[in-house]
Amino acid sequence: MIKTVALTVVVLLVVSLAGVLAYAATKPDTFRVQRAASIKAPAEKIFPLINDLRAQSTWSPFEKDPDMKRTHSGPAQGAGATYEWDGNRQVGAGRIAITDAKAPSRITLALDMFRPMEAHNVVEFTLEPQGDATTVTWVMHGAQPYMAKVMSTVIDCDKMAGSMFEEGLAKLKALAEK
């Protein structure tokens, strides 16, 4: 009797695991996380807060480790500006570099995460004037390898990263509307 129950449990676990792995295989090979906020300020006032990686630290939702090692290189702002960090488990380690900046409407960055998981993604900010406000859209997209697909069956990455984007956009809004 005990052997039958144990065998049944093992079979159910194996079938469940196979189901999760098969489901993960059907997920897209790319991902995209996007959030937007309306900020009552002109794009010309908001753009420098994004285009300068040092200024980003005043509103970034990822600056949560006071002991994090930070290194800036390249120009102070615009294409070539680079920021590297190495922090605790919450922030990990990585590098972000501005690859293109078109004032005052668009900034594109290359994000390379080294820890906790290696990833290479593109981050884009677009600023669109809307009357007396500017809609700021924050997007991250990239490849979704199989292990990320498996993880996404139990972790809602859009919700997790999206909530960080929402927090950052709220801080950017408060700063730009002063």
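The values are calculated or read from the model by the stated rules, or taken from the named source; none is laboratory data. Just so we're clear, the structure is a prediction, and the values are computed from it rather than from any experiment. Reconstructed Cβ throughout: ideal geometry from the backbone, glycine too, with neighbour counts over all protein chains shown.
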Requested in this report: Looking only at the stretch 91-105, decide whether some residue is in contact (Cβ under 8 Å) with a residue 24 or more places away in the chain, of a type outside the set (Ser, Thr, Tyr) and exposed (fewer than 14 other Cβ atoms within 10 Å of the Cβ).
Outcome: no
Query raised in the report: So Met147 clears everything in (1) part of a helix (DSSP H, G or I); (2) surrounded by 14 or more Cβ atoms within 10 Å (Cβ to Cβ); (3) of a type outside the set (Asp, Glu) except one condition, right? Which one?
Result: (2)
Report summary line: Counted residues in the stretch 33-73 being touching a strand residue (DSSP E or B) at 6+ places or on another chain (Cβ under 6 Å) and among the hydroxyl-bearing types (Ser, Thr, Tyr) come to 3
Requested in this report: Go through the stretch 55-82 residue by residue and tally those that are within 17 Å of Phe125 (Cα to Cα), touching a Gly at 6+ places or on another chain (Cβ under 9 Å) and surrounded by 15 or more Cβ atoms within 10 Å (Cβ to Cβ).
Outcome: 7
Requested in this report: Only residues in the stretch 23-34 that are at pLDDT 85 or above count as the first member; pair them with residues that are among the aromatic types (Phe, Trp, Tyr), Cβ under 9 angstrom, at least 6 apart or cross-chain, and list the lot.
Outcome: Val33/Trp138; Val33/Phe165; Gln34/Trp138; Gln34/Phe165
Query raised in the report: Restricting to the stretch 114-144, what's the tally of residues that are at pLDDT below 95, surrounded by 14 or more Cβ atoms within 10 Å (Cβ to Cβ) and of a type in the set (Gly, Ala, Ser)?
Result: 2
